[in-house]
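K.L.:
The structure's right below; bear with me while I get my questions together.
The values are calculated or read from the model by the stated rules, or taken from the named source; none is laboratory data. Everything numeric here is computed off the predicted structure, so don't read it as measured data. Reconstructed Cβ throughout: ideal geometry from the backbone, glycine too, with neighbour counts over all protein chains shown. Keep in mind that these areas ignore ligands, DNA and RNA; they rest on the heavy atoms of the full protein, side chains included. Shrake-Rupley method; radii C 1.70, N 1.55, O 1.52, S 1.80 Å.
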Amino acid sequence: MSPFLGLIPLFPLLGFLFNFIVGVRVLTRHAPAQGDGHGHGGGHGHTAPSPIIGLVACGSVLASFVVAVAAVLKAHALPDHTLVETLWTWLPGGRAETLLHGAAGSTPFSIDWAYQVDPLSSVMVLVVTFVGFLIHVYSTGYMSHDPGYARYMSYLNLFMFAMLTLVLGANYAVLFVGWEGVGLCSYLLIGFWFHKQSAADAGKKAFIVNRIGDAGFLIGMFLIFVTFGSLDFRAVTAAAQHLPVETAWGGTLTIIALCLFVGATGKSAQFPLYVWLPDAMEGPTPVSALIHAATMVTAGVYMVARSSAIYSHAPNAMFVVAIVGAFTAIFAASIGLVQTDIKKVLAYSTVSQLGYMFLACGVGAFAAGVFHLATHAFFKALLFLGSGSVIHGMSGEQDMTKMGGLRSKMPKTHFTMLIGCVAIAGIPPLAGFFSKDEILWSAFKIGGYGQIVWAVGFVAAAMTAFYMFRLYWMTFGGHFRGGHEVEHHVHESPASMTIPLMVLAFGSVFIGFLGVPAALGGGNWFEHFTEPVFEPAHHALGEVFSAAAPAHATEYLLMAASVAIAALGIFVATRNYQWQPQAAEALKASFAGAHRVLTNKYYVDELYGAVFVRGLVLGGGNALYQNDRHVIDGGGGEVRPGFGVNGLVYLTRDVVARLSNWWDRWIVDGGLTRLPAFFLDNLSYVFRAVQNGLVQHYALAMIIGVLLLIGLGRWIPY
């Protein structure tokens with residue numbers, strides 16, 4: 001079969017190879033050195049990049065987008081809306097032990113390197129390539145003065161290859177290759193400015209925390225093969241939908257779903273594995289937009305949605321997903337209320353919005369979760385790139401307390417970021433309203449714990465509106481607070497940065513209309529588009545959530561309440577940070593303790609540092625050292641009487657060796673060597689006197705001997 005789908009990830013891979021080999025080593029070799037325009041390059045001179053580097057990087061992603069559009073159209077025209085292409089047999093193997101249908105047996109183990117385009121992967125591949133292309137274009141302006149420009153663009157292409165492998169993989173094994181690939185690229189891009197200790201540490205933190213989640217994912221994947229005899233998505237879905245719904249916590253499907261969710265919490269920054277994502281803001285801002293807002297961090301949501309047939313048969317696991325998602329949404333939102341770093345606000349906002357997506361999956365609204373994934377990709381990428389434009393115009397400044405009044409100085413950035421803030425706040429008719437309202441409505445209508453997580457999401461929506469417009473007014477409202485010298489250099493970003501902002505702003509306004517609910521006269525086209533993927537899960541969900549859906553009147557009421565609470569959050573932020581700035585300071589003083597806790601992010605990093613870094617890692621290492629020194633070695637690390645290795649050494653060297661030396665000296669050398677030698681040496685004088693060569697002496701000796709024999713013979717009895 002023609003490798004049509006294989007071209008989608010292949011183009012970025014070729015772009016990576018070209019820029020990493022040719023771009024880094026050839027195209028920047030002879031250009032004159034320049035300074036870093038962002039203040040991030042450490043003040044080092046560097047060679048100016050060739051435009052070919054950006055052209056190859058952007059062109060490869062654009063080519064992937066074009067092929068992806070063709071693939072999506074081709075797949076949608078098929079009867080089952082699914083296009084699968086196997087490039088080669090990747091892991092041919094023998095037979096493996098399985099527990100198919102609860103009985104022990106074996107099945108052939110073989111994994112194909114195959115790509116699949118269905119409605120779910122269609123959404124992901126279009127979002128990844130389209131938003132990724134815009135961020136690549138933006139990077140040509142934002143990073144053009146960085147000394148590592150060619151290396152940076154090659155890393156972006158490598159990330160695109162890994163992410164496209166993840167979303168196009170037709171089985172869990174290929175997905176996992178992309179999963180690990182984006183983890184590697186995240187490490188490379190977060191720590192891109194590795195001369196900064198904070199960036200290097202953030203890259204390592206992201207890599208290590210994600211490995212914790214990946215361990216759970218691997219266990220879940222092994223259990224899937226043992227249970228279903230395959231890792232292919234279609235085969236697993238077909239087998240899972242015919243299994244009974246599990247009610248026990250120890251059921252196989254429940255354990256599989258929970259293990260997969262552990263992997264999702266690491267990759268998609270859910271509590272308690274969210275701590276790497278805020279620190280990841282140490283990387284360049286386009287990296288934050290591409291990896292930590294629009295694409296990579298949504299991989300966990302995609303994986304859970306892809307496994308919807310398993311989760312729908314494991315309601316206990318869905319309960320855990322919903323609770324963790326809701327808690328993460330409000331937990332991260334509360335931290336975002338007080339942050340002053342513009343990128344940190346958006347980072348905690350991302351963690352919170354990812355919580356919304358998992359909340360949706362936990363109440364069975366997989367389509368709503370994926371819809372919010374798509375809308376969030378647009379307005380969060382817009383907000384991150386907008387913040388990058390602000391940072392670019394402010395010569396690297398990220399502290400919002402040193403900004404203000406940028407509305408007139410950066411009109412294009414201001415206008416597009418305003419659209420992003422309104423969209424994420426959930427104000428109609430922008431995209432965030434439709435996707436967020438669909439999640440809240442889906443949670444409320446199932447009853448039970450769904451209404452609890454709805455209440456949490458409802459409060460988090462108010463917080464979202466507040467902290468986003470707090471960011472907006474602190475950045476663009478009031479007067480400039482950064483000093484006259486900095487104010488003199490504030491400027492609007494170049495077209496390579498503002499045009500992607502405008503395109504993303506356009507998407508943030510209109511993409512939500514793909515999911516207009518029936519209550520508002522729409523047909524929720526997005527839900528119908530993804531229905532073939534989630535239909536196997538819906539049969540089981542009807543058994544899990546048996547509550548009747550409330551009437552449209554209730555939906556209208558909840559919709560109005562959602563808009564009202566968002567408007568309230570906007571009003572409070574406008575009052576405290578635009579109309580009456582002194583009110584914010586008074587509120588901060590009144591709740592100084594709570595403000596300190598939120599500013600320090602609930603001291604979670606400090607807790608992890610004390611328990612895991614200094615406790616388990618350093619403390620455990622010291623405990624192992626002491627155990628090795630005093631127990632394994634023994635003797636406090638010195639050779640002396642005791643137990644362990646050093647005790648054995650002492651026993652061998654100082655006891656056994658001395659005893660052996662005494663035995664060798666006095667018994668072997670003395671009794672068996674020197675004593676016989678002494679006697680023989682002294683007897684030699686006697687024998688030498690007898691053996692003197694005089695015949696008369698020999699004759700005398702013979703006579704004496706004969707006489708002795710005669711005398712002796714008289715005493716011997718006969």
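K.L.:
In the range 667-679, which residues are within 30 Å of TYR650 (Cβ to Cβ) and either of a type in the set (Phe, Trp, Tyr) or open to solvent by 80 Å² or more (accessible area, probe 1.4 Å) (or both)?
P.N.:
LEU672
K.L.:
If you don't mind, there's one more thing I want to ask. Please state which of the following conditions GLY216 fails to meet, knowing it meets all the rest: (1) at pLDDT 95 or above; (2) over 30 Å from ILE310 (Cβ atoms); (3) open to solvent by less than 40 Å² (accessible area, probe 1.4 Å).
P.N.:
(2)
K.L.:
Can you pull out every residue in the range 489-501 that is of a type in the set (A, V, I, L, M, F, W, C) and under 30 Å from the mean Cα position of the chain (by Cα)?
P.N.:
Answer for the range 489-501, where residues must be of a type in the set (A, V, I, L, M, F, W, C) and under 30 Å from the mean Cα position of the chain (by Cα): MET497, LEU501.
K.L.:
Which of (1) closer than 30 Å to GLY396 by Cα; (2) out of contact with any Cys (no Cβ under 8 Å at 6 or more places or on another chain); (3) buried (at least 23 other Cβ atoms within 10 Å of the Cβ) is the odd one out, the single condition HIS136 does not satisfy?
P.N.:
Failed condition: (2).
K.L.:
Then there's this: Restrict the check to the range 345-364 and report whether at least one residue is surrounded by fewer than 24 Cβ atoms within 10 Å (Cβ to Cβ) and in contact with a Lys or Arg (Cβ under 8 Å, 6 or more places away or on another chain).
P.N.:
No; the residues of the range 345-364 include none that is surrounded by fewer than 24 Cβ atoms within 10 Å (Cβ to Cβ) and in contact with a Lys or Arg (Cβ under 8 Å, 6 or more places away or on another chain).
K.L.:
Could you please let me know if ALA332 is open to solvent by less than 10 Å² (accessible area, probe 1.4 Å) and in contact with a Gly (Cβ under 8 Å, 6 or more places away or on another chain)?
P.N.:
Considered against the rule, which asks whether it is open to solvent by less than 10 Å² (accessible area, probe 1.4 Å) and in contact with a Gly (Cβ under 8 Å, 6 or more places away or on another chain), ALA332 comes out as yes.
K.L.:
Among the residues of the range 365-404, write down those that are in a loop (DSSP other than H, G, I, E, B) and either open to solvent by less than 10 Å² (accessible area, probe 1.4 Å) or over 21 Å from VAL533 (Cβ atoms) (or both).
P.N.:
MET394, SER395, GLY396, GLU397, GLN398, MET403, GLY404
K.L.:
Could I ask something else about it? Give the range 411-445 a look and list any residue that's surrounded by fewer than 22 Cβ atoms within 10 Å (Cβ to Cβ) and assigned to a loop (DSSP other than H, G, I, E, B), or say none.
P.N.:
Matches in the range 411-445: ILE427, PRO428, PRO429.
K.L.:
Which helices (runs of 4 or more DSSP H) sit wholly inside the range 600-666 and have at least 2 residues that are open to solvent by 100 Å² or more (accessible area, probe 1.4 Å)?
P.N.:
Per the criteria, 620-626, 657-662.
K.L.:
Could you give me the residue pairs with C-beta distances under 6 Å whose first residue belongs to the range 205-225 and is closer than 19 Å to ASN171 by Cα, whose second residue is among the aromatic types (Phe, Trp, Tyr) and buried (at least 23 other Cβ atoms within 10 Å of the Cβ) wherever it lies, and which are 6+ apart or on separate chains?
P.N.:
MET221/TYR172
K.L.:
Among the candidates ALA322, ALA309, ALA269, ALA280, single out the residue that is touching a Pro at 6+ places or on another chain (Cβ under 9 Å), open to solvent by less than 10 Å² (accessible area, probe 1.4 Å), of a type in the set (A, V, I, L, M, F, W, C) and assigned to a helix (DSSP H, G or I).
P.N.:
Just a single option satisfies the conditions, and that option is ALA309.
K.L.:
Okay, moving on. Which condition does ASN682 not pass, out of (1) surrounded by 11 or more Cβ atoms within 10 Å (Cβ to Cβ); (2) farther than 30 Å from TRP276 by Cα; (3) polar (S, T, N, Q), if it passes all the others?
P.N.:
(1)
K.L.:
Does the range 336-345 contain at least one residue that is more than 21 Å from ALA462 (Cα to Cα), in a helix (DSSP H, G or I) and more than 19 Å from the chain's Cα centre (by Cα)? First the steps, then the outcome.
P.N.:
If we filter the range 336-345 for residues that are more than 21 Å from ALA462 (Cα to Cα), which is where we start, we get none.
No: the range 336-345 contains no residue that is more than 21 Å from ALA462 (Cα to Cα), in a helix (DSSP H, G or I) and more than 19 Å from the chain's Cα centre (by Cα).
K.L.:
Let me ask another. Are there any pairs with C-beta distances below 8 angstrom linking a residue in the range 167-190 that is over 14 Å from LEU13 (Cβ atoms) to a residue that is open to solvent by less than 10 Å² (accessible area, probe 1.4 Å) and among the charged types (D, E, K, R), with the two at least 6 apart or on different chains, and if so which?
P.N.:
If the second residue must be open to solvent by less than 10 Å² (accessible area, probe 1.4 Å) and among the charged types (D, E, K, R), the pairs left are TRP179/ASP214; TRP179/LYS267; GLU180/ASP214; GLY183/ASP214; GLY183/LYS267.
K.L.:
Any idea which of LEU166, LEU126 is within 17 Å of the chain's Cα centre (by Cα) and either among the acidic types (Asp, Glu) or under 16 Å from TYR115 (Cα atoms) (or both)?
P.N.:
LEU166
K.L.:
Considering the range 530-586 alone, what residues qualify as being outside any helix (DSSP H, G or I) and open to solvent by 60 Å² or more (accessible area, probe 1.4 Å)?
P.N.:
SER546, ALA548, ALA549, ALA551, GLN580, listed by residue number.
K.L.:
Considering only the range 225-258, state which residues are hydroxyl-bearing (Ser, Thr, Tyr), surrounded by 22 or more Cβ atoms within 10 Å (Cβ to Cβ) and in a loop (DSSP other than H, G, I, E, B).
P.N.:
First pass over the range 225-258, keeping only residues hydroxyl-bearing (Ser, Thr, Tyr): 227, 230, 237, 247, 252, 254.
Narrowing further to those that are surrounded by 22 or more Cβ atoms within 10 Å (Cβ to Cβ): 227, 230, 254.
Selection gives SER230 alone.
K.L.:
Same structure again: Would you call PHE415 at pLDDT 95 or above and under 27 Å from the mean Cα position of the chain (by Cα)?
P.N.:
Numbers: at pLDDT 95 or above: yes; under 27 Å from the mean Cα position of the chain (by Cα): no.
In short, no.
K.L.:
Now, a different point. How many residues are of a type in the set (A, V, I, L, M) and in contact with a strand residue (DSSP E or B) (Cβ under 9 Å, 6 or more places away or on another chain) when one looks only at the range 98-144?
P.N.:
Matching residues across the range 98-144 total 7.
K.L.:
Could you list, in sequence order, all residues of the range 691-708 that are exposed (fewer than 11 other Cβ atoms within 10 Å of the Cβ) and in a helix (DSSP H, G or I)?
P.N.:
Residues satisfying the conditions are VAL695, GLN696, ALA699, MET702, ILE703, ILE704, GLY705, VAL706, LEU707, LEU708.
K.L.:
When you look at LYS601, is it touching a His at 6+ places or on another chain (Cβ under 7 Å) and within 27 Å of TYR348 (Cα to Cα), yes or no?
P.N.:
no
K.L.:
Let me ask you something else. Among the listed residues GLY203, GLY132, GLY141, identify the single one that is farther than 23 Å from ILE52 by Cβ and either part of a helix (DSSP H, G or I) or out of contact with any Ser or Thr (no Cβ under 7 Å at 6 or more places or on another chain) (or both).
P.N.:
Of the residues listed, the single one that is farther than 23 Å from ILE52 by Cβ and either part of a helix (DSSP H, G or I) or out of contact with any Ser or Thr (no Cβ under 7 Å at 6 or more places or on another chain) (or both) is GLY203.
K.L.:
Which one of these does ASP80 not meet: (1) surrounded by 22 or more Cβ atoms within 10 Å (Cβ to Cβ); (2) closer than 26 Å to ALA368 by Cβ?
P.N.:
The one condition ASP80 does not meet is (1).
K.L.:
OK, next. Please pick out the residue among LEU73, LEU62 that is farther than 30 Å from THR285 by Cα, open to solvent by 10 Å² or more (accessible area, probe 1.4 Å) and among the aliphatic types (A, V, I, L, M).
P.N.:
On the way: LEU62 fails: farther than 30 Å from THR285 by Cα.
Exactly one residue qualifies, and that residue is LEU73.
The rows are residues; the columns are (1) open to solvent by 30 Å² or more (accessible area, probe 1.4 Å); (2) at pLDDT below 90; (3) in a helix (DSSP H, G or I).
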| residue | (1), (2), (3) |
| --- | --- |
| LEU13 | yes, no, yes |
| HIS44 | yes, yes, no |
| LEU55 | yes, no, yes |
| VAL66 | yes, no, yes |
| TRP90 | yes, no, no |
| PHE109 | yes, yes, no |
| ASP112 | yes, no, no |
